[in-house]
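Written below as structure tokens is the structure these notes are about.
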Amino acid sequence: MEALILAGGFATRLHPLTLDRAKPLLEVAGKPAIMHILERLFPLAERGLERIIVVTNQRFADDFRKALAGPFPVPVEVASNGTMEPADKLGAIGDTYWGARLLSGTTPFLVLAGDNLFDFDLNEVELVYSGQALVLLHRVDTLEEVKPYNNLRLDGTGRILTFLEKPAKPFSKVFATCIYLFPPHVRGRLKQYLEEGRDPDKAGNFIRWLSQQEPVQTVTVEGAWFDIGSVATLQQAEAYFAGI
């Protein structure tokens, strides 16, 4: 198994905090945000995680290399996609495909957004993987909390039937995080999706499309999850991780 952490964006919504610093390198509870993700990945070494690739842009690549010098229980590589400005970004799906081409192509691979912080055990996720694409879901208390994200209808086995981005009228209290476990063949699906001229930036659009091509399974994980895409959610993550 291998892992990709997507950190190629420029986080313009968080300016001025991210004018000179990548969002995953912002400090959360005394360490770079991305370290919270890595610390959840490292225990997977016992289950065969071979390496982690952080996909970033050229502007912040050296910053990531300095912050992630290690040593770590799993090798961590920083790979620059060569972009320097927001107008040139590859997007979440573009970065996923770009990074996936650096993988062996023979083992399942995890994909994690560099701004999704969480405290659940990824060992449990690996245990339920059945060889089909697997999407991690997060449960909230109210339908209102779902609106900024997405909404799904599932069949009795957890397979995605419907996937809606930013639903005006949510119908369930779970939504998909940007944390996936893909079988090796999904590299080809990523290529197909992009070659068809589809949106390279919104990860959820790829999951919706993929679920129309083949079975995509889900698992609802218990624990905290934060998308640190705004000052408010960054502060919430800071308060949570500082308190545990």
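Of all residues in the stretch 66-90, which are of a type in the set (A, V, I, L, M, F, W, C), in a loop (DSSP other than H, G, I, E, B) and within 17 Å of the chain's Cα centre (by Cα)? Even if it seems obvious, please write down each step before you answer.
Keep residues of the stretch 66-90 that are of a type in the set (A, V, I, L, M, F, W, C), which gives 67-69, 72, 74, 76, 78-79, 84, 87, 90.
Narrowing the set further to residues that are in a loop (DSSP other than H, G, I, E, B) leaves 68-69, 72, 74, 84, 90.
If the condition is that a residue be of a type in the set (A, V, I, L, M, F, W, C), in a loop (DSSP other than H, G, I, E, B) and within 17 Å of the chain's Cα centre (by Cα), then Leu90 is the only one that fits.
Scan the stretch 93-130 residue by residue and report those that are of a type in the set (Gly, Ala, Ser) and modelled with pLDDT under 95. Walk me through how you get there before you give the answer.
Residues of the stretch 93-130 of a type in the set (Gly, Ala, Ser): 94, 99-100, 104-105, 113-114, 130.
If the condition is that a residue be of a type in the set (Gly, Ala, Ser) and modelled with pLDDT under 95, then Ser104, Gly105, Ser130 are the ones that fit.
Residue by residue, here is whether (1) surrounded by fewer than 15 Cβ atoms within 10 Å (Cβ to Cβ); (2) in contact with a strand residue (DSSP E or B) (Cβ under 7 Å, 6 or more places away or on another chain); (3) in a loop (DSSP other than H, G, I, E, B) holds:
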residue	(1), (2), (3)
Leu117	no, yes, no
Leu136	no, yes, no
Asn151	no, yes, no
Gly156	yes, no, yes
Pro167	no, yes, yes
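Would you say Asp20 is in a loop (DSSP other than H, G, I, E, B), out of contact with any strand residue (DSSP E or B) (no Cβ under 6 Å at 6 or more places or on another chain) and farther than 26 Å from Asp121 by Cβ?
Values: in a loop (DSSP other than H, G, I, E, B): yes; out of contact with any strand residue (DSSP E or B) (no Cβ under 6 Å at 6 or more places or on another chain): yes; farther than 26 Å from Asp121 by Cβ: yes.
The answer is yes for Asp20.
Would you mind stating whether Glu85 is within 11 Å of Ile5 (Cα to Cα) and surrounded by fewer than 18 Cβ atoms within 10 Å (Cβ to Cβ)? Steps first, please.
Values: within 11 Å of Ile5 (Cα to Cα): no; surrounded by fewer than 18 Cβ atoms within 10 Å (Cβ to Cβ): yes.
Against the criterion (within 11 Å of Ile5 (Cα to Cα) and surrounded by fewer than 18 Cβ atoms within 10 Å (Cβ to Cβ)), Glu85 does not qualify.
Can we say Pro71 is modelled with pLDDT of 95 or more, out of contact with any helix residue (DSSP H, G or I) (no Cβ under 7 Å at 6 or more places or on another chain) and not acidic (Asp, Glu)? Write out each step before concluding.
On the way: modelled with pLDDT of 95 or more: no; out of contact with any helix residue (DSSP H, G or I) (no Cβ under 7 Å at 6 or more places or on another chain): yes; not acidic (Asp, Glu): yes.
Judged against the criteria, Pro71 is not a match.
Consider the stretch 41-64. How many of its residues are in a loop (DSSP other than H, G, I, E, B) and among the aromatic types (Phe, Trp, Tyr)? Can you show your working first?
We begin by selecting, within the stretch 41-64, every residue in a loop (DSSP other than H, G, I, E, B); these are 48-50, 57-60.
Add one more test, that the residue is among the aromatic types (Phe, Trp, Tyr), and what stays is 60.
Residues meeting the conditions: 1.
Looking at the stretch 93-108, which of its residues are closer than 13 Å to Lys191 by Cα, touching a helix residue (DSSP H, G or I) at 6+ places or on another chain (Cβ under 8 Å) and surrounded by 14 or more Cβ atoms within 10 Å (Cβ to Cβ)?
Ile93, Gly94, Thr96, Tyr97, Ala100
If you scan the stretch 140-149, which residues turn out to be outside any helix (DSSP H, G or I) and either exposed (fewer than 15 other Cβ atoms within 10 Å of the Cβ) or among the hydrophobic types (A, V, I, L, M, F, W, C) (or both)? Before the answer, list the steps.
The first filter runs over the stretch 140-149 and keeps only residues outside any helix (DSSP H, G or I), leaving 140-142, 147-149.
Selection gives Val140, Asp141, Thr142, Pro148.
I want to confirm something. Restricting to the stretch 2-50 and keeping residues that are surrounded by fewer than 18 Cβ atoms within 10 Å (Cβ to Cβ) and either in contact with a Cys (Cβ under 8 Å, 6 or more places away or on another chain) or under 22 Å from Ala133 (Cβ atoms) (or both), which single residue is modelled with the highest pLDDT?
Result: Glu50.
Does Phe42 satisfy the criteria of being of a type in the set (Phe, Trp, Tyr), out of contact with any Asp or Glu (no Cβ under 8 Å at 6 or more places or on another chain) and more than 29 Å from Glu195 (Cβ to Cβ)? Break it down stepwise before answering.
Details: of a type in the set (Phe, Trp, Tyr): yes; out of contact with any Asp or Glu (no Cβ under 8 Å at 6 or more places or on another chain): yes; more than 29 Å from Glu195 (Cβ to Cβ): yes.
Spelling it out, Phe42 is indeed of a type in the set (Phe, Trp, Tyr), out of contact with any Asp or Glu (no Cβ under 8 Å at 6 or more places or on another chain) and more than 29 Å from Glu195 (Cβ to Cβ).
The values are calculated or read from the model by the stated rules, or taken from the named source; none is laboratory data. Since this is a predicted model, take the numbers as computed values, not measurements. A quick note on method: Cβ atoms are made from the backbone with ideal geometry, for glycine too, and the neighbour counts reach across all protein chains shown.
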